[in-house]
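All remarks here apply to the structure that follows.
The values are calculated or read from the model by the stated rules, or taken from the named source; none is laboratory data. Remember, predicted model here, so these are calculated numbers, not experimental data. A quick note on method: Cβ atoms are made from the backbone with ideal geometry, for glycine too, and the neighbour counts reach across all protein chains shown. Surface areas here come from the heavy atoms of the whole protein model, side chains and all, with no ligands, DNA or RNA. Shrake-Rupley method; radii C 1.70, N 1.55, O 1.52, S 1.80 Å.
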Number of protein chains: 2
Amino acid sequence: MTKTSDTAAPERKRGEGVRFVYEILRDDILNLALPPGSPVDEIQLAERLSMSRTPIREALVRLAGEGLVTTLPNRSTVVANIDFLNLHHFFDAMTLMYRVTTRLAAEYRTDGDLAVIRNHQAAFARAVEAQDALAMIATNRDLHAAIAEAGRNPYYVSLFGRLLDEGRRLLRIYYLSFDDRLPRRYVDEHEDIIAAIEARDIAAADRLASQHADQIVAQLQRLIAEDRRRPVTL
Amino acid sequence: MTKTSDTAAPERKRGEGVRFVYEILRDDILNLALPPGSPVDEIQLAERLSMSRTPIREALVRLAGEGLVTTLPNRSTVVANIDFLNLHHFFDAMTLMYRVTTRLAAEYRTDGDLAVIRNHQAAFARAVEAQDALAMIATNRDLHAAIAEAGRNPYYVSLFGRLLDEGRRLLRIYYLSFDDRLPRRYVDEHEDIIAAIEARDIAAADRLASQHADQIVAQLQRLIAEDRRRPVTL
DNA sequence: GCGCAAAATTATGTCGACAAACAAAATGCA
DNA sequence: TGCATTTTGTTTGTCGACATAATTTTGCGC
């Protein structure tokens, strides 16, 4: 069962409690182990992780800052919903960030950056080979995050990270529908993008990233459209 | 003296403590009442605001999430430094956000949005008339935030808000150098931008916003270049 | 007087507990 | 029986206190 990661979690050092809770919750939220709209009980969490409510609350504040949970004053905090009605804003920002981060990577990348990027691409290719959809989602995220890092702009890195996380949730909903034709195409597209970054060809990087983003957006829209359920913001 | 706002602060309702501290600290940081690099003492704050350390810590976590303070583990939390060495990344993101938010405003604005925007522009014009540099900074921020809101994209609104805040700190350093020629020009440029938004002329909005951003960036760069001090990341 | 080690001090991270606020169940009245 | 009100219960927001890590001060030997 894909229940919320049942970590007993003893032996923690001082000063890492908040990070610990934060990462567990974040992971559970992005994997949809905690589905959107589900309440997050502080006391329950405190018992499960055998710690006080204080670090848990601080982790929740942090998650709220990133938009992963919503806190109703004096009422329960719930996992943030996916706003299916305004997905075009998400797609718009996503496409823009794909473009600018890839552009900047082509401009500022070092050889070290390139090595890191290639590692992530290899991991993505392996995931595709193994037809492991969950791993594809995760490694794809890591690859593009690494490209953004190579672009050196912390503001873009931050926003893009948020968007990639949200995309991870979105993909996670539909990962069953993955066939293996599309992911292979992504591997090739990634290769082209990386080549452009290596060649420091900014124009090509921009164009390829734009096409790649369009591909992904189109696929997501197709998945959503094919879905029989009428997804509604709860 | 422009000391940290000495609010005695009694009579608070339950559930607003965190927001209260958050807004005070945020204001002090953006006004440079708390200069970059200065430590934030939780106990001192707790005494001054006559409240426990818990809500103060949660406010600090939130501020850390927005990059306004930096938390060293098991060590003091300090007001975030201004990274003068990488300002071009800031300018780059700033220019891009000016453009996309103004574009989207021209696309999605309602009449209500327009009224709000005009109000902010009027306030900005008054600040310029009164030669009140601090008010100019604040109202300019509000105006562009309102334009971003009219564009309806929460991701852009969020990032742009962060950038505008950072810009507020930056401008605050140099506000003494303001002459009254430039701000008047900004009033006119704002008028043009608002007209384009009203006419739903996306191309014009994009072009004007781009020029406007270039103006502001150029002015900031000039101020920094003229500054005799060698600003260094402490 | 200088350098290093140990103790004291300060500040952070965490804890358990209390009180206000909200939600739900139970009671009273028409 | 239906509705309003009170009562009960649960959960959040805040508090004061303790323990641990880091920093400063003190003390000792050279």
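Count of the stretch A:20-51 residues, restricted to those that are open to solvent by 60 Å² or more (accessible area, probe 1.4 Å), over 24 Å from the mean Cα position of the chain (by Cα) and away from DNA strand D (no atom under 14 Å from the Cβ), is 1.
When each of A:I197, A:I173 is tested for being of a type outside the set (K, R), in the same structural domain as A:A106 (by TED's automatic domain parsing) and at pLDDT 95 or above, the lone residue that passes is A:I197. Of the conditions (1) modelled with pLDDT under 95; (2) within 14 Å of DNA strand C (Cβ to nearest atom), B:V69 fails just one. Which one is it? Checking B:V69 against (1) modelled with pLDDT under 95; (2) within 14 Å of DNA strand C (Cβ to nearest atom), the one that fails is (1).
Matching residues to (1) open to solvent by less than 40 Å² (accessible area, probe 1.4 Å); (2) farther than 16 Å from A:G161 by Cα:
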{"site": "A:T102", "(1), (2)": "yes, no"}
{"site": "A:A105", "(1), (2)": "yes, no"}
{"site": "A:T110", "(1), (2)": "no, yes"}
{"site": "A:R126", "(1), (2)": "no, yes"}
{"site": "A:Q131", "(1), (2)": "no, yes"}
{"site": "A:M136", "(1), (2)": "yes, yes"}
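Scanning the stretch A:52-77 for residues that are open to solvent by 30 Å² or more (accessible area, probe 1.4 Å) and touching a residue at least 40 places away in the same chain (Cβ under 8 Å), which turns out nearest to DNA strand D (Cβ to nearest atom)? Ranking the qualifying residues of the stretch A:52-77, first place goes to A:R62.
The criterion of at least 3 residues that are away from chain A (no Cβ under 11 Å) is met by the following helices (runs of 4 or more DSSP H) wholly inside the stretch B:17-132: B:17-30, B:42-48, B:87-108, B:111-129. Filtered by the rule that a residue be within 20 Å of the chain's Cα centre (by Cα), crowded, with 16+ Cβ neighbours inside 10 Å and acidic (D, E), the stretch A:188-215 gives a lone residue, A:E189. Cβ-Cβ contacts under 7 Å between residues 6 or more apart (or on different chains), taken from a first residue in the stretch B:120-135 that is within 13 Å of B:R185 (Cα to Cα) to a second residue that is of a type in the set (D, E, K, R) and open to solvent by 30 Å² or more (accessible area, probe 1.4 Å), are listed as B:V128/B:R184. Looking at B:L30, B:L63, just one residue is within 23 Å of B:I137 (Cα to Cα) and at pLDDT 95 or above, and that residue is B:L63.
Among the residues of the stretch B:177-184, none qualifies, meaning not one is modelled with pLDDT of 90 or more and out of contact with any helix residue (DSSP H, G or I) (no Cβ under 6 Å at 6 or more places or on another chain).
Being modelled with pLDDT of 95 or more and among the aromatic types (F, W, Y) is a condition met by no residue of the stretch A:77-86. Only residues that are in contact with a helix residue (DSSP H, G or I) (Cβ under 7 Å, 6 or more places away or on another chain) and either among the small types (G, A, S) or near DNA strand C (Cβ under 8 Å from one of its atoms) (or both) were counted across the stretch B:55-66, and they come to 3.
Any chance the stretch B:152-174 includes a residue that's without any contact (Cβ under 8 Å) to a residue 60 or more places away in the chain, open to solvent by 70 Å² or more (accessible area, probe 1.4 Å) and either away from chain A (no Cβ under 14 Å) or among the charged types (D, E, K, R) (or both)? Within the stretch B:152-174 (the criterion being without any contact (Cβ under 8 Å) to a residue 60 or more places away in the chain, open to solvent by 70 Å² or more (accessible area, probe 1.4 Å) and either away from chain A (no Cβ under 14 Å) or among the charged types (D, E, K, R) (or both)), the answer is yes, since at least one residue qualifies.
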